[in-house]
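Participant: Supplied in structure tokens, the structure appears directly below.
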Amino acid sequence: MRSLVTILLIFAMVSCASETEKKSLNSVEEIYSATTAYSKKSSFDVAQGTKKEFNIVVSNSKMIDTLPPTVTSGNIALLVFEGLSEEEKKSYSGISVDLINSKKDSASYFYPSELLESLVTKSGNFKRFSESIVAGDFGKLDALKSDADIPISIGEGVKKTIKNNEIIYGDLIAYQPFGVSEDRDEIGEIYQFQANLVFEKGTIGYFVNVDKAEGKDKVIGFRFFE
């Protein structure tokens, strides 16, 4: 006689997306020039109870074809998760991401909600850093950096970089976050947020590093690729 009986039921629900979920899907479609589809999966076992998962499928994107899937999938999960309502965030155990490239090769990844909650916090100063640059508020950048890791003022240097690129590409219009990854520098583990600055006639890439350690959320490094 079996001493432990586990009942496991898994099913996918094709239910309507909420307004917040739709906005998240639209963000992914806009950033990656992609087609998206979604489903909501539920699983139940006697040990853990019911768990819900939001699944997004991303295809028909040149960016997906050219970028590492681990980088894009993490960012897609973050984009979906941070767009959800607080109630929805609590209801899902995580976000699963299926990527399909132009050759119809696919890759699947799962990001638990606990990790995504951390990434939402860590991405805060990356967003403010990027938004300040787009708005031309370069004086705000020093407040976003870790003085221990970047002891010098950065506002004027970043301003010069942007102005030099505007001479070539026209006015800066927006920023386009396309990737997030875990990495390691000489001090320890970091999160690296990757994006493009979008000008009228072209783009340049950049990344922003944030310490992975809890409570250390300021920018510890960045680089523009001109």
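Participant: Residues that are open to solvent by less than 20 Å² (accessible area, probe 1.4 Å) and not aliphatic (A, V, I, L, M): list the strands (runs of 3 or more DSSP E) wholly contained in segment 68-187 that include at least 3 such residues.
Facilitator: 92-100
Participant: Can you run down the residue pairs with Cβ atoms below 7 Å, 6 or more apart or on separate chains, where the first is in segment 149-165 and free of Cβ contacts under 8 Å to residues at least 24 places away in the same chain and the partner is of a type in the set (Gly, Ala, Ser)?
Facilitator: Gly155/Gly139
Participant: I'd like the residue in segment 217-226 that is outside any strand (DSSP E or B) and modelled with pLDDT of 95 or more and, out of all such residues, is least open to solvent (accessible area, probe 1.4 Å).
Facilitator: Top of the filtered list is Asp217.
Participant: Can you tell me which residues in segment 195-205 are assigned to a strand (DSSP E or B) and surrounded by fewer than 21 Cβ atoms within 10 Å (Cβ to Cβ)?
Facilitator: Asn196, Val198, Phe199, Gly202, Thr203, Ile204, Gly205
Participant: List pairs: first in segment 55-69 and in contact (Cβ under 8 Å) with a residue 24 or more places away in the chain, second among the charged types (D, E, K, R), Cβ under 8 Å, 6+ apart or cross-chain?
Facilitator: Asn55/Lys40; Asn55/Lys41; Asn55/Asp98; Ile56/Asp98; Val57/Asp98; Val58/Asp98
The rows are residues; the columns are (1) of a type in the set (Asp, Glu); (2) farther than 29 Å from Glu30 by Cβ; (3) touching a Leu at 6+ places or on another chain (Cβ under 7 Å).
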position: Leu141; (1), (2), (3): no, no, no
position: Ile150; (1), (2), (3): no, yes, no
position: Glu156; (1), (2), (3): yes, yes, no
position: Tyr169; (1), (2), (3): no, no, no
position: Leu172; (1), (2), (3): no, no, yes
position: Val180; (1), (2), (3): no, no, yes
position: Val219; (1), (2), (3): no, no, yes
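Participant: Looking at the structure I just gave you, is Ile56 in contact with an Asp or Glu (Cβ under 8 Å, 6 or more places away or on another chain), modelled with pLDDT of 85 or more and open to solvent by less than 20 Å² (accessible area, probe 1.4 Å)? First the steps, then the outcome.
Facilitator: Values: in contact with an Asp or Glu (Cβ under 8 Å, 6 or more places away or on another chain): yes; modelled with pLDDT of 85 or more: yes; open to solvent by less than 20 Å² (accessible area, probe 1.4 Å): yes.
So Ile56 passes the test.
The values are calculated or read from the model by the stated rules, or taken from the named source; none is laboratory data. Since the model is a prediction, treat every value here as computed from it, not as a measurement. For neighbour counting, all protein chains shown are included, and Cβ atoms are generated from backbone atoms with ideal geometry for every residue, glycine included. Only protein heavy atoms, including side chains, enter the accessible area calculation; ligands, DNA and RNA are left aside. Shrake-Rupley method; radii C 1.70, N 1.55, O 1.52, S 1.80 Å.
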